[in-house]
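Q: This is the structure, below, for whatever I ask next.
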Amino acid sequence: MLSLVARQRFLQSTFIVARHFSKTSQSNAKVAVLGASGGIGQPMSLLLKINPAITKLALYDIANTVGVAADLSHCSTNAQVTGHEGASQLRECLEGCDVVVIPAGVPRKPGMTRDDLFNTNAGIVRDLADACAQYCPKAMICIICNPVNSTVPIASEMFKKRGVYDPNRIFGVTTLDIVRSNTFISQAKGLDVSQVNCPVVGGHSGVTIIPVISQCTPPVSFPVDERQKLSVRIQNAGTEVVEAKAGTGSATLSMAYAGARFVGSVLDGLNGEEGIVECAFVRSDETEAKYFSTPLLLGKNGVEKNLGLGKLTDFEVDLIKGAMPELKKNIQKGEEFANAS
Ligand SMILES: NC(=O)C1=CN([C@@H]2O[C@H](COP(=O)(O)OP(=O)(O)OC[C@H]3O[C@@H](n4cnc5c(N)ncnc54)[C@H](O)[C@@H]3O)[C@@H](O)[C@H]2O)C=CC1
Ligand SMILES: O=C([O-])CC(=O)C(=O)O
């Protein structure tokens, strides 16, 4: 038996972890995780299970969901966990959802680009997005599956086809880029990471990942060569993990952390919390690319306001210019795929 003090400490630590992901302590949100048995899906579902804003957590995958749901359901937190396996159970998983997170899809192996995942993952996102458009058209859709630069346009086209498209409710989750930037900057400058916030704009692959270090809070400055190295490390951080994992997958734990943070922020916005800002890859008029990530003010209807690019240095403007051809190509590829299907 835990002593009273130990029990209080345990409850307090659970509360602190939960608060890390959500400001709201009360709501009745239903959240679905599609791809819940995977490397990201399992730890992210655990983090969502301890978010007090979630009362229903619906786990969907093509395999192993029953076991994952049984396991997670024993955690003594409020969210009721249900497991749904195979396409015939997708409808019951999605109905009534406020938020759907999609980490379903294959990850990279060393030597691959995110675009190399297109052939497998495009069809997965097309079918899952189509189901969301039918069974929970008003839900906030958070897409983790790569290549995000193409899977977000695919999902958007599927919603358009069903006549239920709302660009303020479909997000490509790029939070891991911000999480990484904050970590690397805090390490370089000896800062408390919880106080560091560096926006990352653009897309989510290689040169399309654009850290805006000049807008970091607190302000930080680096000699030109260090800033260059840091920007390149942030752009290649996914590859750093893919290589370290040597063929067994890509970032899962840090992505689970980032995904839980993003979903927590979306729920905070839905629950009317003010001043909730996250970067995400959305339909955008900020640049000549149809989709682009910038800081977004989140609210009851998803994106309340696109906060735009703000003031950039010449270095950052050049990074954005350099990203445009790749970004536009990725977006077009996604749209064409969805419309040919
Ligand atoms: N947006 C981002 O920042 C990041 C994105 N990713 C991406 O997330 C995706 C998932 O990565 P991991 O979890 O490591 O892969 P994983 O292979 O460990 O898990 C994927 C899961 O998806 C499931 N799945 C496959 N087809 C499905 C379908 N049609 N419906 C439902 N579930 C299905 C699989 O059964 C598996 O459980 C990859 O595409 C990866 O590139 C990974 C890290 C960061
Ligand atoms: O690099 C990958 O393939 C997975 C990913 O998107 C990331 O870690 O940022």
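The values are calculated or read from the model by the stated rules, or taken from the named source; none is laboratory data. Fair warning: this is a prediction, and the values are worked out from it, not measured in the lab. With ideal geometry, Cβ positions are generated from the backbone for all residues, glycine too; neighbour counts draw on all protein chains shown.
Q: Give me the pairs, please: first residue somewhere in the range 110-127 and within 15 Å of PRO153 (Cα to Cα) and touching a residue at least 12 places away in the same chain (Cβ under 8 Å), second residue anywhere and within 8 Å of ligand 1 (Cβ to nearest atom) and small (Gly, Ala, Ser), beta-carbon distance under 6 Å, and either six or more positions apart or on two chains.
A: Qualifying pairs under 6 Å: ASN121/GLY105; ILE124/ALA104; ILE124/GLY105.
Q: Output the number of residues of the range 265-293 satisfying the condition of being outside any loop (DSSP other than H, G, I, E, B) and under 15 Å from LEU312 (Cβ atoms).
A: Going through the range 265-293 one residue at a time, the tally reaches 3.
Q: Of all residues in the range 200-237, how many are within 15 Å of ligand 1 (Cβ to nearest atom), assigned to a loop (DSSP other than H, G, I, E, B) and surrounded by 20 or more Cβ atoms within 10 Å (Cβ to Cβ)?
A: Going through the range 200-237 one residue at a time, the tally reaches 3.
Q: In this structure, does THR174 turn out to be among the β-branched types (Val, Ile, Thr) and surrounded by fewer than 24 Cβ atoms within 10 Å (Cβ to Cβ)?
A: no
Q: Also: Are any of the residues in the range 113-120 within 16 Å of ligand 2 (Cβ to nearest atom), surrounded by fewer than 20 Cβ atoms within 10 Å (Cβ to Cβ) and charged (D, E, K, R)? Show your work before the answer.
A: Start the filter on the range 113-120 by keeping residues that are within 16 Å of ligand 2 (Cβ to nearest atom), which leaves 113-120.
Imposing the further condition that a residue be surrounded by fewer than 20 Cβ atoms within 10 Å (Cβ to Cβ) reduces the set to 113, 115-116, 119-120.
In the following step, the residues that additionally are charged (D, E, K, R) were identified as 115-116.
For the range 113-120, residues within 16 Å of ligand 2 (Cβ to nearest atom), surrounded by fewer than 20 Cβ atoms within 10 Å (Cβ to Cβ) and charged (D, E, K, R): present.
Q: Are any of the residues in the range 214-222 over 18 Å from ALA251 (Cα atoms), touching a residue at least 40 places away in the same chain (Cβ under 8 Å) and within 16 Å of ligand 2 (Cβ to nearest atom)?
A: For the range 214-222, residues over 18 Å from ALA251 (Cα atoms), touching a residue at least 40 places away in the same chain (Cβ under 8 Å) and within 16 Å of ligand 2 (Cβ to nearest atom): absent.
Q: Right, ILE185: away from ligand 1 (no atom under 13 Å from the Cβ), in a helix (DSSP H, G or I) and on the phi < 0 side of the Ramachandran plot or not?
A: Considered against the rule, which asks whether it is away from ligand 1 (no atom under 13 Å from the Cβ), in a helix (DSSP H, G or I) and on the phi < 0 side of the Ramachandran plot, ILE185 comes out as yes.
Q: Check THR55 against each of (1) within 24 Å of THR248 (Cβ to Cβ); (2) more than 16 Å from ligand 2 (Cβ to nearest atom) and name the one condition it does not meet.
A: With (1) within 24 Å of THR248 (Cβ to Cβ); (2) more than 16 Å from ligand 2 (Cβ to nearest atom) applied to THR55, the lone miss is (1).
Q: Given (1) at pLDDT below 95; (2) surrounded by 18 or more Cβ atoms within 10 Å (Cβ to Cβ), where does LEU47 come up short, assuming only one miss?
A: (1)
Q: Which ones in the range 330-341 are touching a residue at least 40 places away in the same chain (Cβ under 8 Å), small (Gly, Ala, Ser) and over 20 Å from GLY206 (Cβ atoms)?
A: ALA338, SER341
Q: Right, here's the next one. Can you tell me how many residues in the range 241-259 are without any contact (Cβ under 8 Å) to a residue 12 or more places away in the chain and away from ligand 1 (no atom under 12 Å from the Cβ)?
A: Summing the residues that are without any contact (Cβ under 8 Å) to a residue 12 or more places away in the chain and away from ligand 1 (no atom under 12 Å from the Cβ) in the range 241-259 gives 1.
Q: I've got another one for you. How do the pairs read when you match residues in the range 28-48 that are on the phi > 0 side of the Ramachandran plot with residues anywhere that are assigned to a helix (DSSP H, G or I) and buried (at least 24 other Cβ atoms within 10 Å of the Cβ), using Cβ under 7 Å and keeping only pairs 6 or more apart or on different chains?
A: Here the result reads GLY35/GLY41, each pair linking the range 28-48 to a residue that is assigned to a helix (DSSP H, G or I) and buried (at least 24 other Cβ atoms within 10 Å of the Cβ).
A quick yes/no check of all residues on (1) over 22 Å from the mean Cα position of the chain (by Cα); (2) more than 28 Å from THR239 (Cα to Cα); (3) in contact (Cβ under 8 Å) with a residue 12 or more places away in the chain; (4) more than 14 Å from ligand 1 (Cβ to nearest atom):
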position	(1), (2), (3), (4)
ALA58	no, yes, yes, no
THR65	no, yes, yes, no
ALA69	no, yes, yes, no
HIS74	yes, yes, no, yes
SER88	yes, yes, no, no
ILE102	no, no, yes, no
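Q: List every residue pair whose Cβ atoms lie under 7 Å apart, where the two residues are 6 or more positions apart in sequence or sit on different chains, the first residue falls within the range 307-329 and is in contact (Cβ under 8 Å) with a residue 12 or more places away in the chain, and the second residue, located anywhere, is assigned to a loop (DSSP other than H, G, I, E, B) and exposed (fewer than 13 other Cβ atoms within 10 Å of the Cβ).
A: From the range 307-329, the pairs are MET324/GLU288.
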